[in-house]
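One structure below.
The values are calculated or read from the model by the stated rules, or taken from the named source; none is laboratory data. What you see is a predicted model; the values in this text were computed from it and never measured. Because the Cβ atoms are built from the backbone with ideal geometry, glycine has one as well, and the counts that use them run over all protein chains shown. Areas reflect the complete protein model, heavy atoms only, side chains present, ligands, DNA and RNA absent. Shrake-Rupley method; radii C 1.70, N 1.55, O 1.52, S 1.80 Å.
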Amino acid sequence: MRFSAELKKLVLFAITGLALLGSAPICPAQQEESRPKRVLVLYTYEHGSPWETVIDDSLRTTLKSKSTAPIELHVEHTDRVAHPNDVIQEKLVDLYRRKYSYPKMDVIIGYGDEVTDILLKYGDELFPEIPIILVTVEQKTVQRDLLKPNMTSLLWGIDIKGTVGLIQEILPEIRHLFVISGSAVTDRALIKLTREALAGYKGGLEIYYLTDITKAELLEKVTQLPKHSVLYYLAFGRDADGKTFVPHEVMATVSERANAPTFGLVNTYLGHGIVGGLLVSAEFQGQRCADIALRILDGQSPIDILPVRMLNVPKFDWRQLKRWGISEDRLPSGSIVEYKVWSLWEERKREIIAGIAVIIFQALIIVSLFIHRARRNRAVEALTYEKTRLAEAQRIAHLGNWEWNIVTNKLSWSGEVYWIFGIEPNEFGSTCEDFLDMVHPDDREAVDHAVHKALADPNVCYKIEHRIVRPDASERIVHEMGEVTFDDDGRPILMIGTVLDITERKRMAEQLEERLEEIEKLRQRLEEESTFLQKEIKLEHNFENIIGNSNALKALLLQVEQVARTNSGVLILGETGTGKELIARSIHSTSLRKHRPLIKVNCADLPPNLIENELFGHEKGSFTGAIKRHKGRFEAAHGTTLFLDEIGELPLELQTKLLRVLESGEFERVGSSKTFKVDVRIIAATNRDLEAEIQKGRFREDLWYRLSVFPITVPPLRQRKEDIPLLVSFFLKRFNKEMGKTITSVPKAIMDSLLAYHWPGNVRELKNVIERAVITTHGTTLKLMCKFKLEKEKAGPKPQGKGLADIEYQFILETLEKTRWKIEGPGGAAQILELKPSTLRYRMKKLGIQRP
């Protein structure tokens, strides 16, 4: 007990001593060593910007991983971009003075040009003798003699020339470089640095600076860049209006709207719209800054730490490379491509290869297990394969084979035959009678006959095409062939053969037949149109163009222009030779139907008994000599214009039928009761006085009203004599070219005689006179035949008050008298009048002209 009490006293004494020892004061040296190192970081931008976030994370990670002592990190955001005025700056300085005067900081780190300006100006006042690290783009900070002893610097090291050279390397077609920067202190420092770096740049680029502008103006400009342009984005913390922005957000908007690729300055822009460039690394910058801070914390003086320049890293955004079509092959070696979308192969390459290897290994095991069995069954499989190939070939060709045991009447089919007949094997009775039941009733007798014929004669093969009826009532067409085997007594015992489905072939043949029939119809139509076109081409017109400048002709052409683009009928009146057909062609060529040829019928060229056939066509056998069907001019003119020349010569009995076509567009061919409906525009012409013909009962009044919707009267040549010199010049050039002559002048006396002549034959007569004169003229001056003067004297004044028919009568009669009543051949009246001899005889008969 006594010993125990003494022991308790000793223990109590020891505990008390230890307590007193623990509460003893610690010396200042021990306190300094145990306290954490204090580091103050001043950022220019507001909290949360990507650049500041990456630097801050990198700085903290490096300090934590490399420092042997605890680090107490303090962070301030001056936000000098948003608040650049001096009042705010003085308040910030006062705040930092009161906040960080005690306890003292061990190292001050200033990020950005705005903070650099504050520390250079107020550093001694705020943080006397405390080491300061400046991170800036200001080139002056790399000069040791410009820094205070407690300062060192880490220059961003922006390689502007290198980035521009890189742009030209990967985009050699670029000709315009647009540099973007705002109005903040850092913005201005960067643009100043860029201008200095690119001063006198001889890289073949036109360099423009988009600075001191508002954000709206910037976004408008980048959408209207010229071809072969590129943007180089530095920073845009503040615009010309003083509005502040987060640079990477402005850059993202610029990249989205710009019509040219955008390159950047720092790696935190990557992923926000820039293609890439030689970028300043925020992460690497944080690491380097932490290394310098640790050296100072370990006791090294800032004056002994030389200012350093950051290195640039070629980095690119894979998505922007794809957007602007830039191949990775163009990038310099060592480039880093981020945001790449990997394919499944690229992501799981090793797993895929391993999986394939496992599958191959397993396949080899399986193959080795079955190889013995495969060898044993090779013969069976080969036979099965051949059968399968045969069946497949039959299926593809729609060809089946069959075998008929004639003795037992058992009929066996291959699988393809069942498919052709559209039945299942269990639905077939397997006899010849069951087969015949599936043959089309109309073909059954022919099939049965072919079978019995082959059974009766060894030299006859079974061969036939017939129809079958499937259970679903659909029909197929098959081609069957077979051979009969006979026994020694000549009795048929077996027939084997094939059945081929030729339904599609037959349908294609029918379709081909229909197409050929359609092609034949089109060919006939083209031949008919070609015939009309050839006739039009071969037809010798009075002249190839409308020549003249007289008021009468201008009035005529105005009427042509007014009526051309309508579908109204036109009646052209005028004497022989005035150019009525040319007017009709002018109307058609400027109409909505000009894409189809003008169809012409001269009612005076055809005998009365053939006019109906020519206009409306005829059916085969409708009259003697009608060996094939013939389409008339109305059918050929469907969709185009039909020109009925000399409409006054149309027989009275046909005028009724023509009136019906004009009113309803309907007619029947000769010898047919089928009614045809056509869309035809009618232009008619005559040299007769139709009103007089109506009075004489030779022309229907209702047809006259129908035709004369828009009458046009072609003036005779004597009413537009001022056009004669132009016509003479035109014909002279034409005949010079045709006859190889060089007549260039017309004597005034000849021109006066031409102007004085009455021209009963109008332009056609003038043309003939010039043609004869060119034939007989030698030299360059036109000479007229003496005969023309006699004609001029004989012509005299025409009787007044006569109609067109009377004028035609007189003109034909005078021509016949001149030719001594010679109608055909060279120099005949038909040649002079440019009519067929048959037409001239018909006109003579019509007008009652007889040789005395």
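Please find the FRET efficiency linking residue 434 to residue 514, where r is the Cβ-Cβ separation and R0 is fixed at 30 Å, and quote it to the nearest 0.05. Rounded to the nearest 0.05, the efficiency is 0.25.
Among residues other than residue 511 with Cβ under 14 Å from its Cβ, the summed charge is -2 (Lys and Arg +1, Asp and Glu -1). Sum up the charges of everything whose Cβ sits under 13 Å from the Cβ of residue 107, counting Lys and Arg as +1 and Asp and Glu as -1, but leave residue 107 out. Its environment carries a net charge of -1. Look at where the Cα atoms of the stretch 817-852 and of the stretch 574-590 average out, and the two centres are 24 Å apart.
Take every pair of alpha-carbon atoms less than 8 Å apart whose residues are at least six positions apart; their mean separation over the length of the chain yields a relative contact order of 7 percent. Summing charges over all other residues whose Cβ lies under 13 Å from the Cβ of residue 455, with Lys and Arg as +1 and Asp and Glu as -1, gives -2.
Residue separation of residue 627 and residue 354 scaled by 0.36 nm, minus their Cα-Cα distance, works out to 89.7 nm of gained length. Hydrophobic long helices, here whole DSSP H runs in the chain with Kyte-Doolittle means of at least 0.5 and Cα atoms spread over 30 Å or more along the helix axis, are found at 2-22, 349-376. Of the residues 93, 815, 779, the one whose Cα sits farthest toward the positive end of the charge dipole of the chain, with +1 on the Cβ of Lys and Arg and -1 on the Cβ of Asp and Glu, is 779. How many angstrom lie between the C-alpha centres of the stretch 50-75 and the stretch 218-240? Here the answer is 35 Å between Cα centres.
Cross-link pairs exceeding 22 Å between alpha carbons, from the set 506/631; 66/121; 721/767: 506/631; 66/121. Report, in listed order, any pair from 822/846; 410/453; 620/846; 554/580 with a Cα-Cα distance greater than 22 Å. As for pairs spanning more than 22 Å Cα to Cα, those are 620/846. Heavy-atom accessible surface of the chain, averaged per residue, reaches 54 Å², computed with a 1.4 Å probe. A straight Cα-to-Cα reach below 18 Å connects residue 748 with the aspartates and glutamates 722, 723, residues fewer than 8 places away in its own chain not being considered. Of (1) 67; (2) 60; (3) 75, which is the value of percent of Cα pairs over 34 Å apart derived from the coordinates here? Calculated percent of Cα pairs over 34 Å apart: the matching label is (3). Taking a straight line from the alpha carbon of residue 64, these aspartates and glutamates sit under 20 Å away, with near neighbours fewer than eight places off in the same chain left out: 32, 33, 52, 56, 72, 76, 106, 283, 291, 298.
Would you please state which residues of the stretch 485-507 a label at residue 446 would reach in this model, taking the label point 7 Å out along Cα→Cβ and a backbone N cut-off of under 20 Å? Backbone N within reach: 498-507.
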